[in-house]
Structures are given as structure tokens and as C-alpha cells.
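Working notes for the structure below.
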Amino acid sequence: MKRNLLPWIFLLPLFYYAQVGISNSTPAATLDITAKNATGTTSNVDGMLIPRVDRERAQSMTSIPTSTLIYVNSIATGSLGGTAVNIDTVGYYYFNGSVWTKLDTSFNIYNSDGTLSGNRQVNMGTNTLFFQNGSNRINFNHTVTDANINMSAVTRANIRLAAGFGAAASNLSIFQDINSSGQILVSGASSGLYVGSTTGSTSPVHLATNGAIALTAINGGNVGVGTITPQRKLHVNGDLQITNELNVGGSSGAAGSAGTSGQILTSNGAGVAPTWKTLNTSSGTISTANYVQGTTALTINQGAVADVPGVTITLTVPAGITQTFLFTVLGYATSSTATDAQGAFYLLQNGVKISSAYTSMVSGTALVRLPIPVTFLKAVTLAAGTYTFKVQYSAWAGNQIVNFVPSTYSGYNGDTEAMLTKMQVLVYNN
């Protein structure tokens, strides 16, 4: 048999050097292909055609060497399974030892979804990692149980949210310094810090310490300290310590009254703010104690009525309250002659008689002829205003003397007030 060995003789240098050049005589790699026309405007095609197969053909191959490269020109045949599990579009694929893998440089985290096969780390050095979004959201989703975003730093971990840019930005910062308290702060053009639930939500807002709820704000605005069901705007379930003034009354835009030194806080009933009052204006207490007594003696003839000299007083009930006046009146009326006498003491309010008491004196000698003293009581409740009270005497029978000084009586010892008409008024706050 005749064999042509000449071509093999020419190929021996190629096998010796293990490098093949196409369109060049000095290959720089195992296979070095040089374009026939590397520049210019020629229309001839330069390039390399990779074997073209459909998905079914790729799926049918067996004993495929790793790194085999093909071009899948159709996915109308075959299925997504077996070694073709990744062949879902026309394109280049290489065999990774188990399945055909897409050779697509456009496939990346910027335009395609995917799953991490392990932990990944980005070492930024002194550079900044910046995410810029043309829409309005950047989402981090966790589909298992806990969703965590962890940020660690040597001295301070900080998250800053900014609406706007530069000096006009409204900033919200959440940061934690080492060995210090965590902080949530607003800065820049921010108008304030809002912590709570959104419109339409009735969920309460809690503040906790050591895992236990310390303060709760519920729907409607009630705030509880030591309770999660506050019954009033401020409900403290426990002790309360105040180290400065306590203001009551006022309005949503104005401070209430802190009272004055020595005043006490009194209730005005349900739905009404309490008020500060001095002790002598509190309900059930004596506001004032008042006393007057007769001054000069006066003879009142039978059938006449006259004011008892000195026994008149004017009192005022403050605005906004009522007061009760308790009167105690003591009076003597002695006969100016040796005859029997009788009459009555009157108590008048602004000229109108509101009470009276009878008294008398019998004729005789020695201790028989003595006036009978009278003591009478009267209570009236009055609204705010000014009132004048006075005592009168009406001589029913016989001429009689009020504010009598018993200097002619046996044993008299200068007791000039002994038989004067006297009136005491105790004013009680209601």
C-alpha cells in the first residue's frame, strides 16, 4: 500500500512546539488565529464559528469534556432538564462538568436576578459604595423568619436618611457610639421627629426598658406610664415625683397656673380642671372669722326700733364661689325704769330682717330685776357680692337700754363689756 507521509513531515514542527498559528507563522498560544484583514473596509468575514446545535442536541450529548463550548441556536426542541437545565435562551454555553452553563457577560446583579451560592464580601478600602435609584425604592427582603441589616464599625455605626441634598437636606440619623447610648436624631432642614403609627392604624406605641414596657401611647392620645391601657391623657400607675411647679388649667396653647406659695389644689369635679386655692378658700374651711360688739349705750323707747350702735359689719363673697355665713348674736336689753320690759333683737342683711330673738326684763328689786340675755344663731349661704349685716332692737313694751354698762350693779369691777351686744360671723367656703 502506498502511503503519503509528506504532509506529516511538515506537521512535525507543529506538534513539537504544541502551538498552532492560523494566518500567522509565530503563534503566541496553543491556537493563535490572526484575522486575515485586521483593519480596513473589506467585507470579508473574519472570525471563528463555534459548533451550532439546538437544545435537544445539547441535551442528548454524553461524556462531554469540561469546558466544551457550543452555540445553541434554538430552544424549540428539548426541555429544561438534565444537562440542559440552564438552556433557556439562544446563546453560547459551556459545559462545567455537570450541566451546560450560559456564557453571557451581560448576566450580572445589575440586570438579572440570582441566588448567592455562598457568603460574599466587598472590601471597599477607603472608597464609597453608592446606590443611586431613579425610582423611589431600594428593598431588602427576607423570606424566611428574621430580616436583619447589620452594620458594624470600630467606634460609630451610623445610618443616615436624607431627603434632599446639601444644606437643604432633611436628615434622620440613627447611630451607636461604642460604650455609649444609641441615638435617633434629626438635623438640617428637618422640621421634627415623629415616632408613632400611621393614619388609619390603631396600634399602640410602646417604649420599653430591659424588655419590659415602660410607656405606652394608645389610639386617641392617652399615654400610660406603668400601664398599657391608660384611661386618661396621662395615666401613671405608680409613684409620681414632681421637682418643679405643677400647672393646672390653661389650654392646648397656653400654660396653666402654678398657683402661689401656700395654696392647695382643689377639685372642681369631673371634666373641669382643678384650681389652686389658698387654704381659707377651700371648701369646708373657714375663710374668715369676724367679730363686732356694741360701742355706746342707747335708750330705745317703747314701740321704736333702732340700730344697736357698733354692731354692724360689711363682708364680701369672692367671685366664682359661694360662702356660708354662720352668725352668733348675744344681746342684753335692760329696762330704763322699774317696770317690766320685753322686746326682740333683729339681724338684718342689706336692710332686710333675716332673723330675730326675744328677750325680757321683769320688775322687782335686787337680783330679781335683771335683764334676760339672749343668744341666737343664723346661717345663710350667699353668692359672690358685698353684704352689710347689722343688729337692731325693737322695744315691744317699756323703754329699754342696749349696750348698757352695769356700773351701778353691786360688785361691778370695771367690766364695761359685760352687757354689750356682740356678734360673731364665721364665713365658710362651699
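The values are calculated or read from the model by the stated rules, or taken from the named source; none is laboratory data. Model, not experiment: these values are computed from the prediction. When we count neighbours, we look across all protein chains shown, and the Cβ atoms used for this are built from the backbone with ideal geometry, even at glycine.
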When every residue in region 155-194 that is modelled with pLDDT under 80 and in a loop (DSSP other than H, G, I, E, B) is compared, the one nearest to Ala217 (Cα to Cα) is Tyr194
Of the residues in region 25-59, those that are surrounded by 14 or more Cβ atoms within 10 Å (Cβ to Cβ) and outside any loop (DSSP other than H, G, I, E, B) come to Asp32, Ile33, Val53, Asp54, Arg55, Glu56, Arg57, Ala58, Gln59
Asn290: passes all of (1) closer than 30 Å to Pro406 by Cα; (2) modelled with pLDDT under 95; (3) not acidic (Asp, Glu) but (2)
By residue number, the members of region 220-244 that are within 17 Å of Pro204 (Cβ to Cβ) and out of contact with any strand residue (DSSP E or B) (no Cβ under 7 Å at 6 or more places or on another chain) are Gly220, Gly221, Thr229, Gln231, Arg232
Inside region 236-280, the number of residues satisfying the requirement of being surrounded by fewer than 14 Cβ atoms within 10 Å (Cβ to Cβ) and on the phi > 0 side of the Ramachandran plot is 5
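Whether any residue in region 73-81 is under 60 Å from the mean Cα position of the chain (by Cα) and modelled with pLDDT of 90 or more is what I want to check.
As a first pass, look at region 73-81 and keep what is under 60 Å from the mean Cα position of the chain (by Cα): 80.
Those left that are additionally modelled with pLDDT of 90 or more: 80.
Checking region 73-81: at least one residue is under 60 Å from the mean Cα position of the chain (by Cα) and modelled with pLDDT of 90 or more.
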For Ala338, state whether it is among the small types (Gly, Ala, Ser), closer than 24 Å to Leu426 by Cα and free of Cβ contacts under 8 Å to residues at least 60 places away in the same chain.
no
query: Of the residues that make up region 303-316, is at least one over 21 Å from Tyr332 (Cβ atoms) and free of Cβ contacts under 8 Å to residues at least 40 places away in the same chain?
result: no
Residues of region 395-414 being surrounded by fewer than 19 Cβ atoms within 10 Å (Cβ to Cβ) and within 25 Å of Tyr358 (Cβ to Cβ), in sequence order, are Trp396, Ala397, Asn399, Val405, Pro406, Tyr409
Pairing a residue in region 27-44 that is at negative phi with any residue that is part of a loop (DSSP other than H, G, I, E, B) and of a type in the set (A, V, I, L, M), where Cβ atoms lie under 7 Å and the two sit 6 or more apart in sequence or on different chains, gives Thr30/Ala18; Ile33/Met48
query = Just a yes or no: is a residue in region 290-308 in a strand (DSSP E or B), under 20 Å from Ile321 (Cα atoms) and assigned by TED's automatic domain parsing to the domain that holds Trp396?
reply = yes
If you go through Ala217, Ala167, Ala162, the only one that is surrounded by 10 or more Cβ atoms within 10 Å (Cβ to Cβ) and farther than 30 Å from Pro274 by Cα is Ala162
| message | Checking the structure you have, find out if any residue of region 83-99 is outside any strand (DSSP E or B) and modelled with pLDDT under 70. | response | no
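Of all the residues that make up region 337-363, how many are surrounded by fewer than 16 Cβ atoms within 10 Å (Cβ to Cβ) and at pLDDT below 95?
So the answer is 7.
In this structure, does Ile313 turn out to be among the β-branched types (Val, Ile, Thr), surrounded by 12 or more Cβ atoms within 10 Å (Cβ to Cβ) and part of a loop (DSSP other than H, G, I, E, B)? Outline the logic, then answer.
On the way: among the β-branched types (Val, Ile, Thr): yes; surrounded by 12 or more Cβ atoms within 10 Å (Cβ to Cβ): yes; part of a loop (DSSP other than H, G, I, E, B): no.
No, not satisfied.
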Of Gly200, Gly238, Gly221, Gly284, the only residue that is under 30 Å from Val427 (Cβ atoms) and in a loop (DSSP other than H, G, I, E, B) is Gly284
Just checking, does region 109-119 include any residue being modelled with pLDDT of 75 or more, under 30 Å from Val85 (Cα atoms) and not charged (D, E, K, R)? yes
Within region 286-301, the residues that are exposed (fewer than 15 other Cβ atoms within 10 Å of the Cβ) and in contact with a Phe, Trp or Tyr (Cβ under 8 Å, 6 or more places away or on another chain) are Ile286, Ala297
